[in-house]
1. Okay, which of the stretch 83-101 sit inside 20 Å, backbone N to the point 7 Å along the Cα-Cβ direction of L130?
2. Could you list which residues have their amide H under 5 Å from that of F84, counting only those 5 or more apart in sequence or on another chain, with H placed in the peptide plane?
3. Near E55, within a Cβ-to-Cβ distance under 11 Å, what is the net charge of the other residues, with Lys and Arg +1 and Asp and Glu -1?
4. Looking at the stretch 45-119, which trypsin sites (Lys or Arg not before Pro) are in a loop (DSSP not H, G, I, E or B) and have at most 15 other Cβ atoms within 10 Å?
5. Could you pull out every residue, at least 5 positions away or on a different chain, whose amide H is within less than 5 Å of the one on V45? Hs are placed 1.01 Å off N in the peptide plane, and Pro or chain starts have none.
6. Compute the longest continuous run of the chain that contains no exposed chymotrypsin sites (Phe, Trp or Tyr not before Pro); treat a site as exposed when its DSSP state is not H, G, I, E or B and it has at most 11 other Cβ atoms within 10 Å.
7. Note down the net charge around E43, summing +1 for each Lys or Arg and -1 for each Asp or Glu among other residues with Cβ under 15 Å from its Cβ.
Amino acid sequence: YAEQLVSHFPNQVFVLNHLAKPMIKGGEISRWRTAISALARHENVYCKLSGMVTEADWKNWNYEDFTPYVDIVFSSFGIDRVMFGSDWPVCDLAGGYGKVMDIVEKQVYSLSLDEQAKFWNTNATKCYKL
């Protein structure tokens, strides 16, 4: 339904929180990828890179668990429509703010400084008209 909604309101900006809550713990990626790709085709949709640890195995996740999901988000939305979100304090259930920052920093480290600025700041400023 989300894709239908955003297609009916092309002048309205939408933010997809928490990568749409993929089932990271179960490793489910195929249906999620299809849905993400469909939403990302709409230029009025941004994606917030947040909420990943609570979708993983709370006690036994590792950094590599998140990489395929992050890669799909960036390849689908592009660097101009992905932004950071901490999901604090909920993230404390599965690791805490510091670990969330570690995960995200490891994932975006390979981006250029310009791209990192977009991810950490510019995209949110543009999206929310700050």
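1. Inside the label zone: 83-91, 97-98, 100-101.
2. L49
3. Here the count lands on -2.
4. K59
5. Amide H neighbours of V45, under 5 Å, 5+ apart: F14.
6. Details: sites that count: Y1, Y109, Y128.
The reported range is 2-108.
7. Local net charge: +1.
Laboratory data are not the source of any read-out in this text; all were calculated from the coordinates shown. Since we're looking at a predicted model, the values are computed, not measured. Cβ coordinates were reconstructed from backbone atoms using ideal geometry, including for glycine residues, and neighbour counts include every protein chain displayed.
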